[in-house]
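The values are calculated or read from the model by the stated rules, or taken from the named source; none is laboratory data. Small disclaimer: the values here were computed from a predicted structure and weren't measured. With ideal geometry, Cβ positions are generated from the backbone for all residues, glycine too; neighbour counts draw on all protein chains shown.
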Amino acid sequence: MDENERVQNARKEMEQLVADSLKSYKPPVGAFFTNLKEATKAIADGSIRWARKNSLWPMQFGLACCAMELMDFGSSRIDAERKGYLLFRGTPRQCDVMIVAGWVTKSVVPEIKRLYEQMSKPRYVIAYGECAVSGGPWWESYNIIQGIDQVLPVDVYVAGCPPKPENLFEALMKLQEKVGGKVEDKQE
Ligand code: SF4
């Protein structure tokens, strides 16, 4: 048997194997619709992520001097509106981003928690400035907690005392990456 015949035989053998295995194969009922459902779900998930990513609504809320920087964030110098970040809302029910700007006293913790609980899900937290990150200059104080992450899950930290408004701009872009699925999401 020459080389050509051997190849022909091998091909026939393979074709027979495929034909035999297809004889016993029964396609599952509704397979097309199952795939369609999964495809629709994947498309919907992607669209929802895209919409969330491009419509972050921060809460109008400040605790101490970092809130001044937060106000500067809204000024013409930073021009945060070009990214659509200026929809600060006056009620937590219309917000999904809490920017903690300033030191957090133990007495105000229950109020911050309540505001967070009232925000719509999924919700995100940015610790803006040294006080919100770690307690800042008062990290050893008897009445100030050493960072908002002791009571809430923080997504992005912004360093500085005072922190630059430009860095808040970057923090929101990082949050967008997270909401858009580029970074692993936290578990609430
Ligand atoms: S980090 Fe600095 S600027 Fe911000 S609240 Fe604390 S002391 Fe004030």
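For the stretch 125-140, indicate whether the set of residues that are among the polar types (S, T, N, Q), surrounded by fewer than 14 Cβ atoms within 10 Å (Cβ to Cβ) and either within 12 Å of the ligand (Cβ to nearest atom) or without any contact (Cβ under 8 Å) to a residue 40 or more places away in the chain (or both) is non-empty.
no
Can you tell me which condition Glu38 does not meet? The list is (1) of a type in the set (Asp, Glu); (2) outside the structural domain of Gln146 (by TED's automatic domain parsing); (3) touching a Pro at 6+ places or on another chain (Cβ under 9 Å), and all the others hold.
Evaluating Glu38 over (1) of a type in the set (Asp, Glu); (2) outside the structural domain of Gln146 (by TED's automatic domain parsing); (3) touching a Pro at 6+ places or on another chain (Cβ under 9 Å) leaves (3) as the failure.
What do you reckon, is Leu168 of a type outside the set (Gly, Ala, Ser), more than 15 Å from the ligand (Cβ to nearest atom) and in a helix (DSSP H, G or I)? Give the derivation first.
Details: of a type outside the set (Gly, Ala, Ser): yes; more than 15 Å from the ligand (Cβ to nearest atom): no; in a helix (DSSP H, G or I): yes.
For Leu168, the condition - of a type outside the set (Gly, Ala, Ser), more than 15 Å from the ligand (Cβ to nearest atom) and in a helix (DSSP H, G or I) - is not met.
Taking the stretch 62-88, which residues are over 14 Å from Gly160 (Cβ atoms), at pLDDT 85 or above and not aliphatic (A, V, I, L, M)?
Hit for the stretch 62-88 is Gly62, nothing else.
Checking the conditions here, which among Val109, Val100 is in a helix (DSSP H, G or I) and either more than 20 Å from Arg52 (Cβ to Cβ) or over 18 Å from the mean Cα position of the chain (by Cα) (or both)?
Val109
Under the condition of being at pLDDT below 75 and in a loop (DSSP other than H, G, I, E, B), which residue from the stretch 3-58 is farthest from Leu172 (Cα to Cα)?
Step by step, filter the stretch 3-58, then rank; the result is Ser24.
Based on this model, can you work out whether Lys178 counts as out of contact with any Phe, Trp or Tyr (no Cβ under 9 Å at 6 or more places or on another chain), of a type outside the set (A, V, I, L, M, F, W, C) and either assigned to a helix (DSSP H, G or I) or surrounded by fewer than 16 Cβ atoms within 10 Å (Cβ to Cβ) (or both)?
Answer is no for this residue.
When you scan the stretch 149-157, do you find a residue that is over 17 Å from Val179 (Cβ atoms), part of a strand (DSSP E or B) and touching a helix residue (DSSP H, G or I) at 6+ places or on another chain (Cβ under 6 Å), even just one?
Taking every residue of the stretch 149-157 in turn, none turns out to be over 17 Å from Val179 (Cβ atoms), part of a strand (DSSP E or B) and touching a helix residue (DSSP H, G or I) at 6+ places or on another chain (Cβ under 6 Å).
Given the options Glu81, Glu69, name the one that is part of a helix (DSSP H, G or I) and either within 16 Å of the ligand (Cβ to nearest atom) or on the phi > 0 side of the Ramachandran plot (or both).
Numbers: Glu81 fails: either within 16 Å of the ligand (Cβ to nearest atom) or on the phi > 0 side of the Ramachandran plot (or both).
Exactly one of Glu81, Glu69 is part of a helix (DSSP H, G or I) and either within 16 Å of the ligand (Cβ to nearest atom) or on the phi > 0 side of the Ramachandran plot (or both), namely Glu69.
Say we look at the stretch 93-120 and pick out the residues that are away from the ligand (no atom under 16 Å from the Cβ) and in contact (Cβ under 8 Å) with a residue 60 or more places away in the chain; which of these is surrounded by the fewest Cβ atoms within 10 Å (Cβ to Cβ)?
Met119
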